[in-house]
Every structure is written in structure tokens, then in C-alpha cells.
Amino acid sequence: MSVSEDLSREELISLARTQDARIAEQDAQIAELTAAYEALAVRLARVEHLLSRNSSNSSSPPSKDDDPGRTPPAARKKRDTPAGTRGRQRGAPGSNLAWSDAPDQRRDRFPEGSCGCGAELVDARDLGVVDRYQQVEVPLMTATLTQYDQHAVRCGCGKLHTAARPEGAGAGPVGYGPNLQAWAVYLMVVHFIPVQRCVQMLRSLTGATPSPGFVHGVLTRVAALTSEVDKRIRMLITLAYAVCCDETPLRVGPKKPRPGRKKAEKYLLVACTELWTHYQVGDRDLATFTAFVVKDLTGSVVVHDRYQNYDSAELGTLVHQLCCAHLLRDLDGAAEVYPDAVWPKQISDALRALIHETNTAREQNRPGIDPTVKAELLYRLHHGVLVGLSDTSTIGNRPGERKARLLLEVFRDRRADVLRFVDDLLVPPTSNQAERDLRPAKIQQKISGRLTSEQRTKDRYKILGYVSSAAKNGLDKMAVLRDAILGRPWMPNLPAPT
């Protein structure tokens, strides 16, 4: 017999009410736990999505691929090469230490010592050369201190003449020569060596002991001497047919963010071609873009990564080529969000094939790609986009779904900006040139960390633009730095009038 059978009607009613209250309380707790679980599930999906982003499926830099918890990029399919082969790619130009028919020096070497019979080898009969070896070597450097005594002379006519100081001499009684100054700038700007380590390297290599203040001073002076060259390079970029642009964060200045900013960082912008490189340090806002060279590129095709500022009306009417490397990475990300869908791979394969066909046509000096191949690839790409738009007509709560939909809308609404390179072989399909020119900034941050002075940072990248442009035009970086220190920086020629 149950206990409830012994209870009165009033007691049973009271017990039922107590149980109802307890059930209601448990229902509320279950609802609260369910809501918390669902919220945590959403957060977990978001975290897993963010951790799955890497350099192969997003714009995340390769340097972030090794971060804790990050999913590394999938192993790429190996090239179709014989098993076990390594080295340069097929067709790439090779290099080797070749034999020279005009060595700088020749030295004869003879056996030394004595023979087993006791006779000295110096008296042995010469049978001629039986082996040859050429060795490339550099001399050990030691800084030398030279005193220049400037004399005055008086001409027979009575006029006084005084000898000039040596080339590159400063105003004080003692100074470092142009070669050492060029090395200091070269190490800091081209190889991103921090100031203290630059001083240590110069001491180890030459025995000279310049101070950090001297090194900073050389940087400032060379930046001032190359200012006019920087303006000329900027002007030449505005005349280019196609210009690649990109931007990257740069840790500069105080560690505390400015009011209204989340991070204490600036941005480095680059506009470049195969011949010219121009940098600007600023913010990733419209004011910086307006002051940058982009506003003057209304006559060029601007290749960029779809950052919203490039579409601002304040920059004028630009002709766009959206970077296909960024589009392909985003398509790889969409394929992970929709693993069972065919359209991400179909679009990617068609776009990659179009890039390959245009590159091949350019290498073979053909005016364009085969019309039949072009029509077939465009058909695949277009219908892949249509299928994708149909599959994503309703967006769920999964991370990455909205980004995939926006990507498809870019292919649909900006078709000309995506495929401009297909009809015009003078337009590069990617902004890889800009990413290559920004890579030094990423390396510098790994080596040096935060740069304390915004002005010194501007000086660094003004000099780097000068050196990079000179190297693209076939000049030696050290030579153009030394020329700048001597007050005669390399100046690009103006284009011939048409």
C-alpha cells in the first residue's frame, strides 16, 4: 500500500501542489541549462571555425598557422615529378658556381717537404699542372682610420684655395665613412636587423663601434635624401597600367591604444608594380587611403583584396581587379563550411584554370586565351556560382555561412572585377606582388617586434621603397644606398612623352 493512500484529500492536494511547484522549478532549470548549452554550442562552433582558419582557407598569414590549437593547412598535392626528386621547379632557371676563364688571381702550388728518399721536393723536376681548383673568397674586413689633412694653397694671382673634405665627410672632426653608413642602413632596412644587433654586427664584422644614436641618425638622413625619389616613384606608379595594392597591421609607437582604438597598431600600405614600390604608414581608415596613392589611380587597374575602402566614392571611380588568390582561399573556406557541396570546388577549379590559361598565353606572347577553352571555363564558373547561390538562399547559424554567401554575391555582382584579367593579359589575376612587397614588414615584426617611433618607421619604409624599386630595375641595393649617402641618390627616369 502506497503512502498516498493513507493521506487525506487536503494532504493529497498539498502534495500535488508541492510536486507541481518542484516540476515547474525543474522545468525552469532545464530550460536555463538548455539555453546555456545552446549558447555554448554556438560559441564552441564559432571557436572551432576560427581555429580552422589558416593561410589556405582565409586571409590569415602563414605565420599564424603554428599558433596553439590552430588547424594547419592540409598537405598540398605533390607535383607530378619523379619520386625522390627535390630542388627547383621544372623549367625554373638554375644557378651554380661556374668555372671562370678570367680569375682575379692565379697561384701555382707545388708539393712541399721531402721525398721518402730524403731529397727535398723543392729541387724536384716540374711536370706541369695536373689539377685546377678555383675558390671564391671574401677578405676579412677591418675598419681603418684615415686622417685627411686639408691643405690651403695660394695661387700666384693671390687667390686662396682650400682642399675639400673627402666624399661623404660630415661636419665634425671625426666621422664614419659612406661604406659603413651604407652597411648600417642595409642591415636595418633590407634585413630588418634591430638597432642594437646592427651595432653588434658592425662591431663583429669591422671592429668599428658606432652608437645606436648614430645608426638612427643615418636612417633619418638617408630618408631625407631619398624623399624626391619617393615622390618620383609614387608618380610613376600613378602612370602604370595595373597596380597591386595591399595593407598589413604594423606594431608601431606606444603599447597603449589611442582613444577609440582597440589595438595599439598602425597599418602599412603598399602600391607596387613589377618595377616600382611605394609604402605609406598610417591607419586602415579612409583618411589614410585618401592620402595614399590609391586616389590617383583612376587611370589604372587596381588589384586588391576587396577591402571596403577601395570601393569608397571618396577615392574616385577606380577600375578593379579583385585578387583571385583571396577569392580562392575564401572558396576553400566555403568548401569546409559546405563539405558535401560541389560548387566550391567547381568554381575554384574553373578560376584556377583561367589563371593558368592567361599565364600561359602571356608567357607565349599570345594576345589571349583560346576562345573555346575560355567559354567552357566561364560556363563552369558561372553555373557553379548559380548552384552556390541556390544552396545558400537561406543562411543558418553555422559560422562561415554568411561569408560564403557574400563571396558568391561578389562573383555574381562583380563579375567584371573578378574576371578582368581573362580579357586583358596586362592585368595580373592576383595581388601577389603587393604581398611579396609587404613580406619584409611581417619578417621585421617577427625579428624586432614593436617599433617605438612612428617617424623612424616611416623613414625605414621610404628607404625600403627606394631600395626595392632600384632592385626591381636591376640595380645593386648596397650601391644605391651608398650613392644616396653621398648625396647623389638614384633617380628613375621619367617616361618618354607619347
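Of note:
- Of the listed requirements (1) farther than 30 Å from L322 by Cα; (2) buried (at least 18 other Cβ atoms within 10 Å of the Cβ), D246 misses just one: (1).
- Single condition D108 does not satisfy, out of (1) acidic (D, E); (2) assigned to a loop (DSSP other than H, G, I, E, B); (3) modelled with pLDDT under 80: (3)
- Any hit, segment 51-70, residues being more than 24 Å from N432 (Cα to Cα), in contact with a Lys or Arg (Cβ under 8 Å, 6 or more places away or on another chain), modelled with pLDDT under 80 and part of a helix (DSSP H, G or I): yes
- Only a single item in (1) touching a Lys or Arg at 6+ places or on another chain (Cβ under 7 Å); (2) surrounded by 13 or more Cβ atoms within 10 Å (Cβ to Cβ) is not met by R221, and it is number (1).
- Scanning segment 379-389 for residues that are closer than 29 Å to T248 by Cβ and of a type in the set (D, E, K, R) turns up nothing.
- Selected residue (criterion: modelled with the lowest pLDDT) from residues of segment 336-373 that are among the hydrophobic types (A, V, I, L, M, F, W, C), part of a helix (DSSP H, G or I) and within 30 Å of R46 (Cβ to Cβ): V337
- Candidates are the residues of segment 336-349 that are surrounded by 19 or more Cβ atoms within 10 Å (Cβ to Cβ) and among the hydrophobic types (A, V, I, L, M, F, W, C); the one that is nearest to E435 (Cα to Cα) is I347.
- Considering G384, G368, G400, G388, the condition of being in contact with a Leu (Cβ under 6 Å, 6 or more places away or on another chain) and either buried (at least 20 other Cβ atoms within 10 Å of the Cβ) or in contact (Cβ under 8 Å) with a residue 12 or more places away in the chain (or both) is satisfied by G388 alone.
- Any chance K442 is under 17 Å from the mean Cα position of the chain (by Cα), within 15 Å of L219 (Cβ to Cβ) and in contact (Cβ under 8 Å) with a residue 12 or more places away in the chain: no
- Some residue of segment 486-496 being touching a residue at least 60 places away in the same chain (Cβ under 8 Å), buried (at least 16 other Cβ atoms within 10 Å of the Cβ) and of a type in the set (A, V, I, L, M): no
- For the criterion of being hydrophobic (A, V, I, L, M, F, W, C), touching a Lys or Arg at 6+ places or on another chain (Cβ under 8 Å) and either surrounded by 13 or more Cβ atoms within 10 Å (Cβ to Cβ) or not in a helix (DSSP H, G or I) (or both), I395 passes.
- Summed over segment 177-219, residues that are under 21 Å from V138 (Cβ atoms) and hydroxyl-bearing (S, T, Y) total 3.
- Hey, Q433 under 23 Å from the mean Cα position of the chain (by Cα) and within 30 Å of L378 (Cα to Cα) or not: yes
- Verdict on D459 being in contact with a Ser or Thr (Cβ under 7 Å, 6 or more places away or on another chain) and acidic (D, E): yes
- Look at (1) touching a Gly at 6+ places or on another chain (Cβ under 7 Å); (2) over 30 Å from K477 (Cβ atoms) and you find that G177 fails only one, number (2).
- Hey, L426 exposed (fewer than 14 other Cβ atoms within 10 Å of the Cβ) and in contact with a Phe, Trp or Tyr (Cβ under 9 Å, 6 or more places away or on another chain) or not: yes
- Breaking point among (1) farther than 25 Å from E401 by Cα; (2) modelled with pLDDT of 65 or more, for R79: (2)
The values are calculated or read from the model by the stated rules, or taken from the named source; none is laboratory data. Keep in mind that what you see is a predicted model, and the values were worked out from it rather than measured. As a convention, Cβ positions derive from the backbone with ideal geometry for all residues, glycine included, and neighbour counts pool all protein chains shown.
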